[in-house]
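S.K.: Here it is, the structure, as structure tokens.
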Amino acid sequence: MDSDRGISRLDQESVGTHGWQVRLQRKGVRYGRFFSDSAWGGRENALNIAKQYRDKILGHSERLSGGSNVSSRSHTGPTARSSSGVVGVTRIVQCSSNGVEYRFWQASWTTPDGVRETIRYSILKYGDELAFEKAVRARRRATT
């Protein structure tokens, strides 16, 4: 495995942010967590903890798949088109660093000047069906 896969360095002098960002997507679930140098005892320790977190996520994914041969592709299941039936509308489940899951329907499109736009509708707030309908309507309005 690539030793830096899913890990990137963030150094922002203007706000005093220094650390390692882990970002992965496994089976449609996005994982992300920031490991600050100051909170983890320096640059090297923060990197080691970030790698342990990344490896834990990848190991959990391997156990779920029933083997050690997990695809490195971000989409191992159906594409967004086939999962919702509407191009540009996708059901998303995100896990925060503290383990809270957020579920929503997302509409996305590219504007005529090439800017990527998205809008999300919370399943918790609207319910699955209404959140999906709102995403479909938003996508249609944006692309007509």
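S.K.: Is it fair to say SER61 is in contact with a strand residue (DSSP E or B) (Cβ under 7 Å, 6 or more places away or on another chain) and at pLDDT 85 or above?
M.R.: For SER61, the condition - in contact with a strand residue (DSSP E or B) (Cβ under 7 Å, 6 or more places away or on another chain) and at pLDDT 85 or above - is not met.
S.K.: Follow-up question, since we're still on this one. For GLY99, only one of the following conditions fails: (1) under 30 Å from ARG140 (Cα atoms); (2) at pLDDT below 80; (3) surrounded by fewer than 11 Cβ atoms within 10 Å (Cβ to Cβ). What is its number?
M.R.: Failing condition for GLY99: (1).
S.K.: Same structure, new question: Among the residues of the stretch 79-98, is there at least one that is closer than 29 Å to ARG54 by Cβ, in contact with a Leu (Cβ under 9 Å, 6 or more places away or on another chain) and not in a loop (DSSP other than H, G, I, E, B)?
M.R.: So far as the stretch 79-98 goes, no, none of its residues is closer than 29 Å to ARG54 by Cβ, in contact with a Leu (Cβ under 9 Å, 6 or more places away or on another chain) and not in a loop (DSSP other than H, G, I, E, B).
The values are calculated or read from the model by the stated rules, or taken from the named source; none is laboratory data. Computed from a prediction, not measured in an experiment: that's the story for all the values here. We place every Cβ from the backbone using ideal geometry, glycine too, and count neighbours over all the protein chains shown.
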